[in-house]
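Okay, structure first, notes after.
The values are calculated or read from the model by the stated rules, or taken from the named source; none is laboratory data. Just so you know, these numbers come straight off a predicted model, no measurement behind them. Backbone-built Cβ (ideal geometry, glycine too); neighbour counts: all protein chains shown. All accessible areas refer to the heavy atoms of the entire protein, side chains included, with ligands and DNA or RNA removed. Shrake-Rupley method; radii C 1.70, N 1.55, O 1.52, S 1.80 Å.
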Amino acid sequence: MINVLVWNEYLHERMYEGVGRIYPRGIHGCIAEFLGRCDDMNVKTVTLEDEDDALSDEVLSETDVLIWWGHMAHDKVSNETVDRVVRHINGGMGFIPLHSAHHSKVMKKLCGTTCNLGWRNDDKERIWTVSPMHPIAQGIPEHFELPHEEMYSEPFDIPNPDEVVFMGWFAGGEVFRSGVTFTRGGRIFYFQPGHEEYPTYHNETVQRVIINAVRWAAPVTRAHRCIPVENRKRLPE
Ligand code: ZN
């Protein structure tokens, strides 16, 4: 079984009626619901309110893949929590930052860049599968459309990803690396769709991508450790 933890700041859904209507149980609730239908996943959720003990070392050691949705409260996540999460990712935990989590402290720390991008409020997006052989792309068509999504555009200030799995094209003409992977001990998949004002996480193709990403990011083994040289056995000459 893959232990999945879905973190969501859970503010927009409670502050704005329209968002609450789309996600009555929160974005985390919606994601947990479709992941929870997979026989190979145990899914738990956590929000900004229960932050400190909810992302403890104990919880993170039992988490195979952490999904992260945040937007207006990136700064409310304590640096101690960010350091702890990054340490667990470096030790093998999978990490899936969604949409505006590109500016989360965890993502910026993992990337070592600003993660800035261009954006505009509302547009149609066509997502192209550019690495069809990738495990995350299995069952995903050559391209699919989201009638409403926030436009994110290049330049996207990230280090060169390991792979670009999806490219987004917007009706305004912009393009964006919408699905990219990194390895930092654990496997990381950033996925751009998911603006809170649109029902993106109800879209079955988007759900399929996230399900595939969880399975791909689940660690084979944990706790990659650095062995101090003085403790290492001498190799035979
Ligand atoms: Zn957004």
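Tabulated results
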item	result
Residues located in the range 1-35, provided they are surrounded by fewer than 19 Cβ atoms within 10 Å (Cβ to Cβ) and closer than 23 Å to V220 by Cβ	M1, I2, N3
Residue ID - nearest to the chain's Cα centre (by Cα), chosen from residues in the range 164-203 that are of a type in the set (D, E) and within 14 Å of the ligand (Cβ to nearest atom)	E196
Positions within the range 173-213 being outside any helix (DSSP H, G or I), open to solvent by 50 Å² or more (accessible area, probe 1.4 Å) and on the phi < 0 side of the Ramachandran plot, in sequence order	V175, T183, R184, R187, E197, P199
Condition met for S100 (within 22 Å of W7 (Cβ to Cβ) and hydroxyl-bearing (S, T, Y))	yes
Selection count where residues are within 22 Å of P219 (Cα to Cα), within 17 Å of the chain's Cα centre (by Cα) and more than 16 Å from the ligand (Cβ to nearest atom), scope the range 106-133	5
Considering residues of the range 131-152 that are acidic (D, E) and open to solvent by 10 Å² or more (accessible area, probe 1.4 Å) only, the residue farthest from H195 (Cα to Cα)	E142
Within the range 57-114, helices (runs of 4 or more DSSP H) holding 2 or more residues that are touching a residue at least 12 places away in the same chain (Cβ under 8 Å) and surrounded by fewer than 18 Cβ atoms within 10 Å (Cβ to Cβ)	57-61, 79-90
Single condition W128 does not satisfy, out of (1) assigned to a loop (DSSP other than H, G, I, E, B); (2) open to solvent by 50 Å² or more (accessible area, probe 1.4 Å)	(1)
Among (1) over 15 Å from the mean Cα position of the chain (by Cα); (2) closer than 16 Å to H202 by Cα; (3) in contact (Cβ under 8 Å) with a residue 40 or more places away in the chain, the one test that G26 misses	(3)
Check on H224, of a type outside the set (D, E, K, R), at pLDDT 95 or above, in contact with a helix residue (DSSP H, G or I) (Cβ under 9 Å, 6 or more places away or on another chain) and assigned to a loop (DSSP other than H, G, I, E, B)	no
